[in-house]
Amino acid sequence: MPLKGQHHTTFMKKGMRFLIYGLIGLGIEVSYTGLASLLQGDLSMHGFTFLVMLPVYGMAIFLEPVHERIRFFPWWLRGGIYLALIWGIEYASGASFAAILGKSPWVYADRLNINGYITLRMAPEWFLAGLGFEKVHDFLETITV
């Protein structure tokens with residue numbers, strides 16, 4: 001049986017991780033879009049994101065148990081699993097935003113898009129993001145609350 005206060009500590013730990021993943025995601029997205037802007041000739045490297053993405057990136061907390069289960073799989077298989085899960089989250093989030101807000105904050109328009117919510121063009125980025133998530137998760141495991 002959990003000790004008194006243990007649920008509160010677990011809730012706080014998970015809440016902090018949710019926030020950390022969300023902030024990391026926002027930072028990476030701003031950097032990524034800024035670099036893309038530079039590659040298109042914008043020397044100001046205008047980067048952007050949407051605040052509604054904070055909880056979407058925060059959902060990486062739900063990948064932690066997946067990471068624990070697949071930790072010893074080959075890297076290429078783990079990356080593929082993360083890619084599929086991230087696309088699922090991205091698609092569901094985009095469709096949910098469209099249903100709730102009337103439109104999704106992002107709409108992929110390239111020929112590899114699926115309903116504008118995901119694009120196959122982003123496969124390498126999401127594959128690598130999933131493997132990078134593992135490093136962040138392992139680091140967060142070393143921090144005590």
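Nothing in this text is a laboratory measurement; each read-out follows from the coordinates by a stated rule. Note that the structure is predicted; figures quoted are calculated from it, not measured. Cβ: placed from backbone, ideal geometry, glycine included. Neighbour counts: every protein chain shown.
Pick out, in residue order, every one of the trypsin sites (Lys or Arg not before Pro) in the stretch 52-145 that is DSSP loop and has at most 14 other C-beta atoms within 10 Å; say none if there are none. Can you show the working numbers first?
On the way: sites: 69, 71, 78, 103, 111, 121, 135; in loops: 71, 103, 111.
Taking the stretch 52-145 and a limit of 14 other Cβ atoms within 10 Å, the loop trypsin sites (Lys or Arg not before Pro) found are 71, 103, 111.
Let me know the number of lysine pairs in the chain closer than 25 Å at the Cα, not counting same-chain pairs under 8 apart.
Details: 4/13; 4/14; 13/135; 14/135.
Lysine pairs meeting the criterion: 4.
Calculate the translational D of the stretch 63-108 in whole µm² s⁻¹ from Stokes-Einstein, where the hydrodynamic radius comes from the Kirkwood formula applied to all Cα pairs, the temperature is 10 °C and the viscosity 1.306 mPa s. Walk me through the numbers before you get to the answer.
Numbers: Rh = 12.0 Å.
Value of D from the Cα-based Kirkwood radius: 132 µm²/s.
In Å and from the alpha-carbon atoms only, list the Rg and Dmax of the chain.
16.9, 60
Select from 82, 67, 128 the residue farthest towards the positive end of the dipole of the chain; place +1 on Cβ of Lys and Arg, -1 on Cβ of Asp and Glu, and compute about the Cα centre.
Positive-end residue among those listed: 67.
Could you compute the longest span of the chain free of chymotrypsin sites (Phe, Trp or Tyr not before Pro) located in DSSP loops and having at most 16 other Cβ atoms within 10 Å, not counting the site residues?
On the way: sites that count: 48, 50, 72.
Longest run free of exposed loop sites: 73-145.
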